Amino acid sequence: MISTPNQSRRNFLTRTALAIAVTPFAQLATSSTAYAIPVQPTQPGIEPFYGKHQGGIATAMQGNTYFIAFDMDDTAKREDLIKLLRAWTDAAAKMCAGPAHFDPKADVNQPSQESGATVVIPASRLTMTFGFGATLFEKDGKDRYGLAKSRPEALVDMPRFAGDQLVPERTGGDLSIQACADDPQVVEHAVRRLVKLASGTASMRWAQMGFSGGFKPGETGRNLMGFKDGTINVPTNNEQEMNKFVWVGKEGPAWIQNGSYMVIRPIRISLEHWDEMKTSFQEETVGRQKTSGAPIGKKNEFDKLDLDAIDKDGNPVTTENSHAAMSAPENNDGAQILRRAFSFDNGITKIAERWPPWRQLMTFDAGLLFQCYQKDPRTGFIKLFAKMAQIDMLNQFTTHIGGGLFACPPGAKPGGYIGENLFV
């Protein structure tokens with residue numbers, strides 16, 4: 001049975017200590033100001049592919065994403081990996097620069113290099129972000145590509161969090177690609193194009209499409225639970241804050257400096273049970289008002305979260321183990337991450353409930369494709385969620401079903417390729 005606002009805190013904490021996984025949407029901030037990632041609705045546009053940093057990290061949120069992880073084939077050599085990265089870089093740069101060109105005069109009796117799926121469709125602010133998993137450096141004790149010595153200390157093996165139900169087939173990977181754009185067909189086409197280039201070198205391991213919705217220019221989007229998602233975040237337009245929390249500096253190996261570390265986790269949300277909860281309980285759980293996104297007791301979305309405020313009965317205005325309180329930098333030694341998450345809906349699936357009557361049922365296979373960037377996951381995601389996985393009130397409704405940690409190199413230079421300095 002789902003807990004209600006009338007349950008005692010002791011009973012709730014006892015039960016949620018065994019609850020499901022980490023929260024689906026961490027809302028993090030500086031100690032004094034809240035910042036939403038800039039979000040824009042569908043509009044044609046070009047995002048630069050080459051540059052100091054990879055696109056898709058500090059880029060204003062797009063409407064759609066397609067994430068995919070790959071395993072290198074057993075027969076692939078170091079030179080095959082380099083050749084693949086070169087091909088991916090060249091193709092990604094061209095796709096980000098504008099719509100694909102399908103030659104109707106080409107030999108129709110031969111496979112085309114282009115599917116034609118995006119003919120005359122604008123680039124729609126397409127970005128392509130590449131990552132390297134820990135197994136690319138060493139797998140099953142083998143240094144397959146001579147990269148083991150270059151594995152950053154921060155690219156750790158992810159710990160198991162309370163409530164994790166990670167499916168091996170949806171976890172990990174040697175390489176990752178994330179396409180983001182304002183048009184869903186653009187991201188699907190981009191991934192298909194790169195999968196084709198990987199044939200004979202790398203194989204698809206797992207993938208997840210996602211979408212952002214419910215936003216207007218300059219406003220924060222809403223997740224499937226109906227709450228604004230990402231109100232408090234690292235300000236992407238503040239170079240000092242980005243260098244402090246997101247971009248890797250001289251503390252990391254030269255090949256990843258100006259890059260970042262990405263944690264990504266598909267999180268299934270029990271939407272049917274969530275929808276049965278009173279709005280007041282939902283707001284208590286999140287620690288924010290549902291419509292405005294304002295902290296409990298405040299009026300505006302970006303008002304400062306006051307964790308010391310108490311009501312007339314002496315109880316905290318913001319429940320101590322609400323999501324907002326648990327994720328606040330003030331409660332985590334100032335730790336912050338750059339959230340860039342999307343919703344997903346894969347249709348329906350059959351699952352076993354973990355609350356009475358513990359039945360099997362068909363339910364929505366939907367939730368949040370949680371994603372965050374940080375300069376070191378040990379002081380970012382891992383630090384934050386180790387505690388949140390235990391007693392965050394949202395854990396009642398969420399299940400982490402997969403994911404991975406990937407080192408995202410800096411941006412490529414024209415004529416070069418993603419991760420080039422790793423192979424020097």
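Just a few scattered comments:
- Residue match in segment 345-363 (condition: open to solvent by 50 Å² or more (accessible area, probe 1.4 Å), within 30 Å of Gly252 (Cβ to Cβ), without any contact (Cβ under 8 Å) to a residue 60 or more places away in the chain and out of contact with any strand residue (DSSP E or B) (no Cβ under 9 Å at 6 or more places or on another chain)): no
- Lys216, sole failed condition from (1) modelled with pLDDT of 95 or more; (2) basic (Lys, Arg); (3) in a loop (DSSP other than H, G, I, E, B): (1)
- Qualifying positions in segment 151-180 - touching a Phe, Trp or Tyr at 6+ places or on another chain (Cβ under 7 Å), over 16 Å from Pro377 (Cβ atoms) and part of a strand (DSSP E or B): Leu175, Ile177, Gln178, Ala179
- Selection of segment 288-331 for residues being among the polar types (S, T, N, Q) and either touching a His at 6+ places or on another chain (Cβ under 8 Å) or open to solvent by 40 Å² or more (accessible area, probe 1.4 Å) (or both) yields Gln289, Thr291, Asn300, Asn315, Asn331.
- Restricting segment 187-201 to residues that are touching a strand residue (DSSP E or B) at 6+ places or on another chain (Cβ under 8 Å) and open to solvent by 10 Å² or more (accessible area, probe 1.4 Å), the residue that is farthest from Glu138 (Cα to Cα): Glu188
- Residue check: Thr399 meets all listed conditions (1) buried (at least 18 other Cβ atoms within 10 Å of the Cβ); (2) under 27 Å from Pro48 (Cβ atoms); (3) at pLDDT below 95 but one, namely (2).
- Within segment 124-150, residues that are modelled with pLDDT under 95 and crowded, with 24+ Cβ neighbours inside 10 Å reach partners that are in a helix (DSSP H, G or I) and not small (Gly, Ala, Ser) with beta carbons closer than 6 Å, at six or more positions or on different chains, in the pairs Ser124/Val186.
- The criterion of at least 1 residues that are of a type in the set (Asp, Glu) and closer than 30 Å to Pro184 by Cβ is met by the following strands (runs of 3 or more DSSP E) wholly inside segment 305-410: 342-352, 360-374.
- Every residue from segment 122-150 that is β-branched (Val, Ile, Thr) and part of a helix (DSSP H, G or I): Thr135
- Only one of the numbered conditions (1) at pLDDT below 95; (2) open to solvent by less than 10 Å² (accessible area, probe 1.4 Å) is violated by Gly419, and that is (1).
- Long-range neighbours under 7 Å by Cβ, at least six apart or interchain, first residue more than 30 Å from Gln396 (Cβ to Cβ) within segment 250-272, second open to solvent by 60 Å² or more (accessible area, probe 1.4 Å): Ala254/Asn421; Trp255/Asn421; Gln257/Lys250; Asn258/Lys52
- Scanning segment 81-100 for residues that are of a type outside the set (A, V, I, L, M, F, W, C) and either open to solvent by less than 50 Å² (accessible area, probe 1.4 Å) or not in a helix (DSSP H, G or I) (or both), we see that the one that is nearest to Val186 (Cα to Cα) is Pro99.
- Residues satisfying the stated conditions in segment 160-207, i.e. touching a Lys or Arg at 6+ places or on another chain (Cβ under 7 Å) and aromatic (Phe, Trp, Tyr): Trp206
The values are calculated or read from the model by the stated rules, or taken from the named source; none is laboratory data. For clarity, every value in this text was computed on a predicted model and none was experimentally measured. All Cβ positions, glycine included, derive from the backbone under ideal geometry; neighbour counts span all protein chains shown. Side chains included, ligands, DNA and RNA excluded: accessible areas come from the protein's heavy atoms. Shrake-Rupley method; radii C 1.70, N 1.55, O 1.52, S 1.80 Å.
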